[in-house]
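Chemist: Dropping the structure in here first, questions after.
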Amino acid sequence: MSLVAFSYPRLEKQDFDFIQSIRAEYEPNYSLLNPHVTFVFETDEVEQGVFLEHLRPLITATPVIDFVMRSVSLIRDVDRERWFLLLTADEGFSSIVRLHDRLYTGVLAPQLRTDIPFIPHITLGVFADWMRGAGVRDELNAKSLAIGGQVTSILIADYRTNVLRPITEITLATK
């Protein structure tokens, strides 16, 4: 079992459709997962009950997170020769980072990848060719992006290669 914790944020329909139109072209797994913000990346080192027991009180104590994503970045994958096209948070950045950091305490502390900075984002695409990815990034950044949304819950799931099995959804605290 490879456990993951992510949010399908609340988005306006036109923003969801805009993101999906880009992901349909550049993100191989776009049909497996809707636009999402990952908080805990895949791990098979922690038993499911322990994972849930650790995450639940941290998530339920966190207020709903409002965000606005305004820019697109192209980030190199440290594990493979490819680049990720990321829609990144401006407003809400620190709230997302703080929740991520709280989740990676205790039993999850050894699972934190310290070689990769955490950037609050929604993945828009994956590119083998940097130039192609940079072109899409520049085209998107030429627009006046302002994609607002809310993180209201975190989905815990078992995620294996192209198979996602939801386990439970934990709601953040209302403001």
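Chemist: Once you have a ≥ b ≥ c as the square roots of the Cα gyration tensor eigenvalues for region 1-97, tell me rounded if a/c is under 1.5, and otherwise prolate or oblate according to whether a/b is larger than b/c.
Modeler: Oblate shape, in that a/c is at least 1.5 and b/c is the bigger or equal ratio.
Chemist: Using only Cα atoms, tell me the angle between helix 93-103 and the longest principal axis of the chain; keep it within 0 to 90° and round to the nearest 10.
Modeler: 40 degrees
Chemist: Out of residues 5 or more away from residue 2 or on other chains, whose amide H comes under 5 Å of its own, with H placed 1.01 Å from N in the peptide plane?
Modeler: Placed amide hydrogens put 159 under 5 Å from residue 2.
Chemist: Hey, what do the phi angles of region 108-113 turn into as Karplus ³J(HN,Hα) couplings, whole Hz, using 6.51/-1.76/1.60 and θ = phi - 60°, x for Gly and Pro?
Modeler: 8, 3, x, 8, 5, 7
Chemist: Turning to a different aspect of this structure: Can you bin region 75-132 into rounded, prolate or oblate? Criterion: square roots of the alpha carbon gyration tensor eigenvalues sorted a ≥ b ≥ c, rounded for a/c under 1.5, prolate for a/b above b/c, oblate for the rest.
Modeler: Oblate is the answer for region 75-132, as a/c is 1.5 or above yet b/c matches or exceeds a/b.
Chemist: On to the next question. Sort 106-114, 46-54, 93-101 by the packing proxy (mean of other Cβ within 10 Å over each peptide's residues), most packed first.
Modeler: Ranking, from highest mean packing down: 93-101, 46-54, 106-114.
Chemist: Let me ask something additional. By the gyration tensor of its Cα atoms, with a ≥ b ≥ c the square roots of the eigenvalues, what is the shape of the chain: rounded for a/c under 1.5, prolate for a/b over b/c, or oblate?
Modeler: It is prolate, given that a/c is not under 1.5 and a/b is the larger ratio.
Chemist: If I model region 113-158 as equal point scatterers sitting on the Cα atoms and use the Debye formula, what is log10 I(q)/I(0) at q = 0.15, 0.26 Å⁻¹?
Modeler: -0.67, -1.12
Chemist: Measure nothing fancy, just the Cα-based angle from helix 13-26's long axis to the longest principal axis of the chain, in degrees from 0 to 90, nearest 10.
Modeler: For helix 13-26, the angle is close to 70 degrees.
Chemist: A follow-up question, please. Explain nothing, just compute: Karplus ³J(HN,Hα) = 6.51 cos²θ - 1.76 cosθ + 1.60, θ = phi - 60°, for every residue of region 55-67 in order, whole Hz, x for Gly and Pro.
Modeler: In residue order, the calculated couplings are 6, 3, x, 6, 6, 5, 8, 9, x, 3, 10, 8, 8 Hz.
Chemist: Using amide H atoms built in the peptide plane, which far-off residues or other-chain residues are under 5 Å from residue 36 H to H?
Modeler: Long-range HN contacts for residue 36: 123.
Bear in mind that the values in this text are calculations on the coordinates, not laboratory data. Because the structure is predicted, anything quoted here is derived from the model rather than measured. Glycine gets a Cβ as well: all are built from the backbone with ideal geometry, and neighbour counts include every protein chain shown.
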